[in-house]
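Heads up, the thing below is written out as structure tokens.
The values are calculated or read from the model by the stated rules, or taken from the named source; none is laboratory data. On a predicted model such as this, the values are computed, not experimentally measured, just so you know. Here the Cβ positions follow ideal geometry from the backbone for every residue, glycine too, while neighbour counts run over all protein chains shown.
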Amino acid sequence: MKDARLSNWQWISLVVLRMLIGWHFLYEGVAKLLKGNWSAYGFLMESKWIFADLFQWMAQNSTVLSVVNTLNMWGLVLIGLGLILGIFTRIAAGAGVVLILLYYVCNPPFVGLFYSIPTEGSYLFVNKNIVELAALLVLMAIPSEQFAGMDRILYKFLKES
Amino acid sequence: MDEKDKKESSESPSNKKIDRRDFLQGLAGVPVLGALAVAAWKQEAYRRAIRSQRAAGSAAPEKEDDLHVALLGVGAQGDVLLNSMLKIPGLRFQAVCDIWSNYNLKRAGNLLRKYGHEVNTYEDYRAMLDREKGLDAVVIATPDFWHAEHTIACLQAGLNVYCEKEMSNTLEDARRMALAAGESGKLLQIGHQRRSNPRYIFSHDVLLKELKLLGRMVTAYGQWNRSAAPDLGWPKRYEIPLATLRKYGYESMHQFCNWRWYKNLGGGPIVDLGSHQIDIFSWFLGVNPKSVMASGGTDYYDKSTHEWYDTVMAIYEYETAEGTVRAHYKTQTTNGSLGYFEQFMGDEGTLVISESANVGSVYREKTKAPMWDRWVRKGYLSEPKLMEMTSEVDMGDALDVRETISPDEHKLTLQFYDAYHKPHLENFFNAVRGREKLNCPAELGYESAVAVLKVNKAVEAKRTLFFDPQEFLV
């Protein structure tokens, strides 16, 4: 694999990136689970832009909302574990991209859209979500898990058997 | 690192067997996961410690000056008081009473047990007073028309009482309460909680009395704006049987939940909301009002279920040592903009204060007032926020020579971000322990009730009503 011939420094920086994103996902999930009564209700109700009706419908339907809450919390945990341990890494990164894309289109920082959820910075089109999404795309494109991650063992194990 | 190492470590897994390097690099995420687990565990432990610290008292071993407390009425307001009291150390909750036995009573009982208080629950307050021995104090948050009976019975049973405002919906009952407190020798604190709020005490004691920042006070204004809201509902399966409701003076579940709007049960928004703020007028101006005129009505809601006025405007006149002060009070329950606050205006400055933690400023009248730099340096006030002219707000053409320049705004530096009712309850419990004097004893609560209840009478009379100074005496 010609394109996989990266220097150790390049591999390590990718692995660090993956673990930082994994940490972020995992703790977001764990914190919500520990809170006990966390709900996406507020975030969904704040939705702006063309999918606002859909997200608000999700918030107002209690069955759908509880499914959304569960999927989000456990999705964050599993994606985080996948990225930190480097196991099923591409699947985890891909799922992360989908999840972040949902957050992004729910409340996109477009011209003229305002939110009552306080944000800590100033964003226009690009926010931290979209940067994290792009970083996950990099991790999908370059298999850092084959340098450091359980996938490396898994891959060899499958080849051996 | 030599060429061979580099090749092995950096390439995607070779076809060789799983070796040591594969293991080490394969499990690189495990220590990271461990670090996250430790960090998350510490964070969670910290969060729990903070939470149990806030719910002080329950688990601690009993101390000599711990007080045994009962709650009478644990609806919306009782709940607010209960949550404030859970943050006060040294209280032992012993009993809870509420006629909504399978809802409010259950909820409060469960909450207290969760915090380690062994409480008995009662539907009838008389049973509670009969059976509970060793109580020091009762906190009453029942509807206004019950206050007199509950308070007097508790005082006669030898208990100190914290009773929510309004003292009562009738002055005769309020007077009976004050007299009962005097006869029993027990304490009766009325729930005008701003009287214990450190920001209000500072504004009154320091800014107005000591520094006289406002100069000669001329007008006051107060408002409480609330958004339109539907009537309060209730879960159908927890409905109180009609016979029980009637026994306690209600005609229906709707009336039980929305008693504040009914004549004979409550006093309407002017009493629920206005009494807090009209009480501040008298406190800050140092005198009781001389007269009141008022306009009000049920203009928005259904008159059959909202007997009391949803909108009221009242104008009081006060005769202070320095001269007449006119005060305007407004309560509106159909629009919440600008919220609630009180405002006092003198020839040297304006004070805007609210129970709401982020509202509290004084404005200096530049034309007359001396500089306030001293008070800024002493830390009483913030640096002034000056009106800045920016290109966006170019007032060049708009500024009229007849307009006076805008005053400087100084924020109060004293902050108070705790539960609003906590200091007033603490004052009460410390008074029971003999360490403080009540900030709002029955006589003061009575004066406030006299001033406030007359607004509704003035609305009906459609003319100015005057107060006889004797009226304010119990």
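So in the range A:139-156, with the set limited to residues that are under 17 Å from A:R5 (Cβ atoms) and surrounded by fewer than 19 Cβ atoms within 10 Å (Cβ to Cβ), which one is nearest to the other protein chains (Cβ to nearest Cβ)?
Of everything passing the filter in the range A:139-156, A:I142 is nearest to the other protein chains (Cβ to nearest Cβ).
Considering only the range A:1-16, state which residues are crowded, with 18+ Cβ neighbours inside 10 Å and within 19 Å of the chain's Cα centre (by Cα).
Our first condition is that a residue be crowded, with 18+ Cβ neighbours inside 10 Å; within the range A:1-16, this holds for A:11, A:14-15.
Across the range A:1-16, the qualifying residues are A:L14, A:V15.
Pairs needed: first member in the range B:246-257, over 14 Å from B:F145 (Cβ atoms); second member anywhere, of a type in the set (A, V, I, L, M, F, W, C) and in a helix (DSSP H, G or I); C-beta distance under 8 Å; at least 6 residues apart or different chains.
Between residues of the range B:246-257 that are over 14 Å from B:F145 (Cβ atoms) and residues that are of a type in the set (A, V, I, L, M, F, W, C) and in a helix (DSSP H, G or I), the close pairs are B:S252/B:L242; B:S252/B:L245; B:M253/B:L245.
Would you kindly identify the helices (runs of 4 or more DSSP H) lying entirely within the range B:1-95 that contain at least 1 residues that are more than 14 Å from every other protein chain (Cβ to nearest Cβ), modelled with pLDDT of 90 or more and buried (at least 20 other Cβ atoms within 10 Å of the Cβ)?
Numbers: elements: B:3-10, B:20-26, B:29-54, B:76-85.
Of the helices (runs of 4 or more DSSP H) lying wholly inside the range B:1-95, those with at least 1 residues that are more than 14 Å from every other protein chain (Cβ to nearest Cβ), modelled with pLDDT of 90 or more and buried (at least 20 other Cβ atoms within 10 Å of the Cβ) span B:76-85.
Cβ-Cβ below 8 Å, separation at least six or inter-chain, first residue in the range A:74-97 and away from chain B (no Cβ under 11 Å) and touching a residue at least 12 places away in the same chain (Cβ under 8 Å), second surrounded by fewer than 20 Cβ atoms within 10 Å (Cβ to Cβ) and of a type in the set (K, R): which pairs?
Within 8 Å, the pairs are A:L76/A:K32.
Answer with yes or no whether A:W23 is in a helix (DSSP H, G or I) and without any contact (Cβ under 8 Å) to a residue 12 or more places away in the chain.
Working: in a helix (DSSP H, G or I): yes; without any contact (Cβ under 8 Å) to a residue 12 or more places away in the chain: no.
No, not satisfied.
Output the residues belonging to the range B:445-462 that are within 17 Å of B:Y318 (Cα to Cα) and not β-branched (V, I, T). Talk me through it step by step, then tell me what you get.
Let us first name the residues in the range B:445-462 that are within 17 Å of B:Y318 (Cα to Cα), namely B:447-455, B:458.
Hits for the range B:445-462 are B:E447, B:S448, B:A449, B:A451, B:L453, B:K454, B:A458.
Restricting attention to the range B:458-473, which residues are of a type in the set (V, I, T) and not in a loop (DSSP other than H, G, I, E, B)?
We begin by selecting, within the range B:458-473, every residue of a type in the set (V, I, T); these are B:459, B:464.
Scanning the range B:458-473 gives a single hit, B:V459.
For the range A:55-73, state whether one or more residues are surrounded by fewer than 18 Cβ atoms within 10 Å (Cβ to Cβ) and not in a helix (DSSP H, G or I).
Yes, the range A:55-73 has at least one match.
Is at least one residue of the range A:40-53 facing chain B (nearest Cβ under 10 Å) and of a type outside the set (V, I, T)? If you could, list the steps in order and put the result at the bottom.
Taking the range A:40-53 and keeping what is facing chain B (nearest Cβ under 10 Å), we get none.
There is no residue in the range A:40-53 that is facing chain B (nearest Cβ under 10 Å) and of a type outside the set (V, I, T).
Working carefully through the options B:E426, B:E383, B:E403, find the one that is at pLDDT below 90 and within 24 Å of B:P198 (Cα to Cα). So that I can check it myself, show each step before the final result.
Working: B:E426 fails: at pLDDT below 90; B:E403 fails: within 24 Å of B:P198 (Cα to Cα).
Just a single option satisfies the conditions, and that option is B:E383.
Looking only at the range B:284-303, filter to residues that are closer than 18 Å to B:G323 by Cα and crowded, with 21+ Cβ neighbours inside 10 Å; which one of those is nearest to the chain's Cα centre (by Cα)?
Pass one, the range B:284-303, residues closer than 18 Å to B:G323 by Cα: B:284-292.
Checking which are crowded, with 21+ Cβ neighbours inside 10 Å leaves us with B:284-285, B:289, B:292.
On the way: B:F284: 18, B:L285: 21, B:P289: 24, B:V292: 26 Å.
Looking at residues that are closer than 18 Å to B:G323 by Cα and crowded, with 21+ Cβ neighbours inside 10 Å, I get B:F284.
Just to confirm my filter: which helices (runs of 4 or more DSSP H) fall fully inside the range B:123-215 and include at least 1 residues that are under 26 Å from B:E471 (Cα atoms) and touching a Phe, Trp or Tyr at 6+ places or on another chain (Cβ under 9 Å)?
By residue number, B:147-156, B:171-184.
Looking only at the range A:29-42, count every residue that is surrounded by fewer than 17 Cβ atoms within 10 Å (Cβ to Cβ) and either in a helix (DSSP H, G or I) or at pLDDT 90 or above (or both) and tell me the total.
Looking only at that region, the number is 6.
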